[in-house]
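Any read-out appearing in this document is the output of simple, stated calculations on the displayed coordinates, not a laboratory observation. Quick caveat, the model's predicted, so the values are computed rather than measured. So basically every Cβ, Gly included, is an ideal-geometry build from the backbone, and we count neighbours across all protein chains shown.
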Amino acid sequence: MHRRQPTRNRMGWTSNQLNTLSQLFVDACRPGALPVLDLGAAYGVASLAALARGAKVIANDLDAAHLAELGEREGLTLLPGRFPQELDLPANSLSAVHASNVLHFLTGEELTLGAAKIAEWLGPGGRLYVHAGTPYQAPFARFIPEYEKRAAAGELWPGYVPDTRAISSHRKLGQIPRAIHLLDAQVLTRVFLAAGFEIERVWTHRRHDLPKSLHCDGREGVALIAHRS
Ligand SMILES: C[S@@+](CC[C@H](N)C(=O)[O-])C[C@H]1O[C@@H](n2cnc3c(N)ncnc32)[C@H](O)[C@@H]1O
């Protein structure tokens, strides 16, 4: 049965079921390849599925207590720390990076640095799987006209909101940090193209396990699949 689990550090929720993007990442995992990195893994929904496919997995999270729940497992390395500032891995040491529902907690500057680090860690052909929240979620509806104005004006980070209390009075606002960086296909494409990726697919959708209270118009999430050229 599907179950949502709040994060310990009020960084949104995770799930015991893979979302569509995470499933595509897991499907591509295989034994014998270079390790994969799961950024913002929380309790490891994607890390565990990747391990089950025979991948070697490096699970990262800001909150070491999330990762501790995974315990010791063959093929699993736990790597607590804040991405991108606190993470350093050897160049060309990974076959894939998965970042589901974590990049919207980064500033534009952190996203740019993070994309460059991911590009360095992935060998040529290494693959990237990203999922993030967009402004098209019911609690942020008031912000949509402002976001669209900023995007039309060509602002670099049109979805950055320094204090969500200024744009929403949703009762669960306390479950996410004050600042949020709602992302879109244009921003993700620009950031990862600039870091040396070829974009394979980028799309908006409503993930199947999104609570009804967040439903807006079917574009609540943005997903991107790319590879290092
Ligand atoms: C909404 S949960 C997503 C968990 C899982 N990836 C999923 O898709 O269900 C976000 C997780 O990212 C972690 N996180 C937030 N900012 C981070 C950062 N800068 N570096 C590493 N982890 C971070 C949080 O601690 C939290 O566990």
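So the values come out like this:
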| item | result |
| --- | --- |
| Mean residue ellipticity (222 nm) of the chain, computed from DSSP H runs ≥ 4 via -39,500 (n - 2.57), nearest 500 | -7000 deg cm²/dmol |
| Stretch gain in nm, segment R201-E69, where the contour uses 0.36 nm per residue and the Cα spacing is subtracted | 44.2 nm |
| Cβ-based charge dipole, the chain, positive-most Cα from L24, W13, P90 | W13 |
| Segment 31-81 and segment 104-167: distance between their alpha carbon centers, rounded to Å | 24 |
| Protection proxy ranking of 106-117, 128-139 - average other beta-carbon atoms within 10 Å, highest first | 128-139, 106-117 |
| Kyte-Doolittle mean at least 0.0, axial Cα span of 15 Å or more - DSSP H helices of the chain | 108-121 |
| Cα-based equivalent ellipsoid of segment 80-157: semi-axis lengths in Å, sorted from largest, via gyration tensor | 29, 13, 12 |
| Antiparallel %, DSSP beta bridges [both residues in the chain], to 5 | 55 |
| Residue-by-residue Karplus 3J(HN,Hα) for segment 217-224, coefficients 6.51, -1.76, 1.60, Hz, glycine and proline x | 9, x, 10, 5, x, 10, 10, 9 |
| Cβ crowding within 10 Å averaged over residues, with 18-31, 78-91 ranked highest first | 18-31, 78-91 |
| Equivalent ellipsoid dimensions for the chain as semi-axes, Å, which come from the Cα gyration tensor, largest first | 27, 20, 16 |
